[in-house]
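The values are calculated or read from the model by the stated rules, or taken from the named source; none is laboratory data. What you see is a predicted model; the values in this text were computed from it and never measured. Positions of Cβ are backbone-derived with ideal geometry, glycine not excepted, and every protein chain shown enters the neighbour counts.
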């Protein structure tokens, strides 16, 4: 069982994350939980008796709770809580009273939602991924086969259905309702044509864009004061409904090993990619995943190369690394530093 200090440290991480990623309300929620959360309610007892790792790279307990409360508002289940949430400006006492009331009134719903791992599908990460795909296309001049690990609802499998402005390089559908323009530093990425011959993703619990319940779940994990992210995700959900992509349910490592990477197709480059997903694997699973990809890399040839594009957190708490490894050479380069939500990018590129 986690200690109470470890659980409270998870809320301190929520405060830091909210402050770093432009969500003052999320930081405020963390502070209120540190100040008021106790064992007087069933919800409080459940949280403060958490058995596993409650932290950001574990079970994300504060995110589970914030998502449960936000879902009550999106679904119109708690008017008092809605009146205390953004864009309304209320005192801490009024906000906490509304939250405490929700703990009692919606106890069963909140406890049920606490049992599920949060799922996000931050669409702005697609711009970083696109810069990586442009690099792969420039290096190999072959069509791409795409395999996304931890694809959630598959919104970042649809990256070519969005409009991107990458430091002045305009790419994608100019009429797309999803318009992405990260703050850009550095040279432009390669301006090359991309052809995709196949794409698929895998997730332990893939969400369905045609399911209202799944859409509510996805939207609820977006921070409540970031309405631009909510609207952008709603637009991406509409694109996903109109242009469905395959997200298979299952163990994504086994999916890579037994299905996607079993044969590398000559005349194409197979790109395995993931964004803020690998960190949630237990250490032994990460090691197994590295071995699966390395084994496939050992079979790569100039005619059938392999690439791994990843956007994952590392030792720098303020940004993620966008890195690319290619086979048959096995070379690895960090292409960029990128905001975890894709708001900005410091691009270096392969040749840096």
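Some observations on this one:
- Qualifying residue in the range 92-115 (condition: surrounded by fewer than 23 Cβ atoms within 10 Å (Cβ to Cβ) and touching a strand residue (DSSP E or B) at 6+ places or on another chain (Cβ under 9 Å)): no
- In summary, residue 174 fulfils each of the numbered conditions (1) free of Cβ contacts under 8 Å to residues at least 12 places away in the same chain; (2) under 17 Å from the mean Cα position of the chain (by Cα) with the single exception of condition (2).
- For the criterion of being within 19 Å of residue 313 (Cα to Cα), assigned to a helix (DSSP H, G or I), in the same structural domain as residue 107 (by TED's automatic domain parsing) and free of Cβ contacts under 8 Å to residues at least 60 places away in the same chain, residue 12 passes.
- Check on residue 292, touching a helix residue (DSSP H, G or I) at 6+ places or on another chain (Cβ under 6 Å) and either surrounded by 15 or more Cβ atoms within 10 Å (Cβ to Cβ) or not assigned by TED's automatic domain parsing to the domain that holds residue 82 (or both): yes
- Selection within the range 9-22 - within 14 Å of residue 62 (Cα to Cα) and out of contact with any helix residue (DSSP H, G or I) (no Cβ under 6 Å at 6 or more places or on another chain): 9, 12, 13, 16, 17
- None of 289, 297 is touching a strand residue (DSSP E or B) at 6+ places or on another chain (Cβ under 9 Å) and over 23 Å from residue 139 (Cα atoms) except 289.
- Elements of the type strands (runs of 3 or more DSSP E) sitting completely within the range 146-237 and holding at least 3 residues that are touching a helix residue (DSSP H, G or I) at 6+ places or on another chain (Cβ under 8 Å): these cover 196-203.
- Here the strands (runs of 3 or more DSSP E) wholly within the range 244-316 that include at least 1 residues being at pLDDT below 95 are 306-313.
- Residue in the range 130-142 that is modelled with pLDDT of 95 or more and outside any helix (DSSP H, G or I) present: yes
- Considered as a group, the residues in the range 196-205 that are modelled with pLDDT of 95 or more and surrounded by fewer than 20 Cβ atoms within 10 Å (Cβ to Cβ) include one that is farthest from residue 158 (Cα to Cα), and that residue is 197.
- Criterion (out of contact with any strand residue (DSSP E or B) (no Cβ under 9 Å at 6 or more places or on another chain) and under 21 Å from residue 84 (Cβ atoms)) met by exactly one of 53, 5, 38, 59: 38
- The listed residue being farther than 30 Å from residue 264 by Cα, in the same structural domain as residue 302 (by TED's automatic domain parsing) and surrounded by 22 or more Cβ atoms within 10 Å (Cβ to Cβ), out of 166, 170, 157: 166
- Residue 84 being surrounded by 16 or more Cβ atoms within 10 Å (Cβ to Cβ), under 20 Å from residue 229 (Cβ atoms) and in contact (Cβ under 8 Å) with a residue 12 or more places away in the chain: no
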